[in-house]
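Here's the structure, in structure tokens; my notes come after.
The values are calculated or read from the model by the stated rules, or taken from the named source; none is laboratory data. All of these numbers come straight from a predicted model, not from anything done at the bench. FYI the Cβ positions are ideal-geometry reconstructions off the backbone, even for glycines, and counts take in every protein chain you see.
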Amino acid sequence: MSTGRQSPPRWAEALLERLLAARERDTVVGDLREEYAESVVVQRGRLLADLWYLRQIWSFVPRRLVQKRIEGKMRQAISFFTFACACWLATMEMVLRHPGYGLRIGVALCIALISLATIIGRLAHVEGRSEVWRWAGAILLIGIGGQAFLRNVRAAHFEGFVVVISVALVVQGVLMLMSRRMTA
Amino acid sequence: MADLLGTFEQAVLLAILHLETEAYGRAVLHQAQEMLKRNVSAGSVYTTLDRLEARGLVSSRLAEGTPVRGGRARRYYSVAGKGIEALSDARSALTAIWAGVQLPSEVQL
């Protein structure tokens, strides 16, 4: 049994406090501290107990994002970015016409459409009405972004802008999926 | 009839009823996990408790903290009359929609 610290790290408690509303700050942090000391650290040791505590903190993040409306703003900003990138990529493909440009224009237009739908949906407050489209759009974005990222990593010529755009697409897709979970 | 309760909300309310006077956050979480037979996150339990209280389905009171909690207070929950009514409505609705229904696998058995 550990004879050292029997309470969660102070920085972790401070982080959790920042995620909680004033009304529940004391009670939730107290509950977790009690469980950490009386059960988790005794059974799992300090390192695993600290990881357990971080997992507890993480479970409060989606709600905080919704409360602060950060998630919506992030999704909107990324959608603007990916929309602009997709339009730019489609235009460049149309001008340069490298082999296989048709497929790439199709993918770029598909991204532009999803991003535009996200932007308009949020502005018109109609987002999340269609579960099927939201899931399809999110999975498509994650798929395209993930594939672009992996192909770029494996390619002989590493291109920074592809990494930025592919990561943005994956994040946009994840935020689309999270939006339902956080408002449910 | 008010909005019907979701499964998770029902589990949280039933956990509070089951725990009687010992229904504080973590105890409710463990009880709900046992009832649902799956892990549930702390965030979802506290969010649900908060929402149920805002809807007047549960009430809470603060109790003094202990040294192991760093002196932080404990919040005990109890199901309000409106919560009992909502649980009863949820059970009636479930009973009504299942009335006379047998799943194909049960018919074969």
Checklist entry - What about B:R51, is it within 14 Å of chain A (Cβ to nearest Cβ), assigned to a helix (DSSP H, G or I) and surrounded by fewer than 15 Cβ atoms within 10 Å (Cβ to Cβ)? => result yes
Checklist outcome for this item: Taking region B:39-48 and the residues there that are of a type in the set (S, T, Y) and outside any loop (DSSP other than H, G, I, E, B), the one that is farthest from B:A63 (Cα to Cα) would be B:S44
Checklist outcome for this item: Taking region A:1-40 and keeping residues among the small types (G, A, S) and touching a Phe, Trp or Tyr at 6+ places or on another chain (Cβ under 6 Å) leaves A:A12
Checklist entry - Picking from A:L103, A:L140, A:L150, A:L109, which residue would you name as being of a type outside the set (K, R), modelled with pLDDT of 85 or more and within 22 Å of A:M178 (Cβ to Cβ)? => result A:L140
Next on the checklist: If B:S41 satisfies all but one of (1) at pLDDT 90 or above; (2) within 13 Å of chain A (Cβ to nearest Cβ), what's the number of the condition it fails?
Outcome noted: (1)
Checklist entry - Which of the residues that make up region B:6-48 are acidic (D, E) and farther than 24 Å from A:D26 by Cβ? => result B:E9, B:E34
Checklist entry - Quick one: how many residues across region B:10-38 are more than 11 Å from every other protein chain (Cβ to nearest Cβ) and assigned to a helix (DSSP H, G or I)? => result 19
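Every residue in region B:54-86 that is part of a helix (DSSP H, G or I), surrounded by fewer than 18 Cβ atoms within 10 Å (Cβ to Cβ) and either of a type in the set (S, T, Y) or touching a helix residue (DSSP H, G or I) at 6+ places or on another chain (Cβ under 9 Å) (or both), please.
Going residue by residue through region B:54-86, those that are part of a helix (DSSP H, G or I) are B:54, B:67-69, B:81-86.
When the remaining residues are screened for being surrounded by fewer than 18 Cβ atoms within 10 Å (Cβ to Cβ), the result is B:54, B:67-68, B:81-82, B:84-85.
Residues satisfying the conditions are B:V68, B:I84.
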Next on the checklist: Please verify whether A:S79 is of a type outside the set (A, V, I, L, M, F, W, C) and in a helix (DSSP H, G or I), treating the condition exactly as stated.
Outcome noted: yes
Checklist outcome for this item: Being small (G, A, S) and free of Cβ contacts under 8 Å to residues at least 24 places away in the same chain narrows B:A80, B:A73, B:A93, B:A86 down to just B:A73
Item to check | Inter-residue pairs, beta-carbon under 7 Å, first assigned by TED's automatic domain parsing to the domain that holds A:T82 and in region A:150-164, second assigned to a loop (DSSP other than H, G, I, E, B), 6+ apart | outcome: A:N152/A:F158; A:N152/A:E159
Checklist outcome for this item: By residue number, the members of region A:10-46 that are of a type in the set (A, V, I, L, M), closer than 19 Å to B:G43 by Cβ, within 12 Å of chain B (Cβ to nearest Cβ) and assigned to a helix (DSSP H, G or I) are A:L16, A:L19, A:V28, A:V29, A:L32, A:V40
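Filter region B:43-70 down to the residues that are β-branched (V, I, T) and without any contact (Cβ under 8 Å) to a residue 24 or more places away in the chain and list them by number.
Residues satisfying the conditions are B:T47, B:T66, B:V68.
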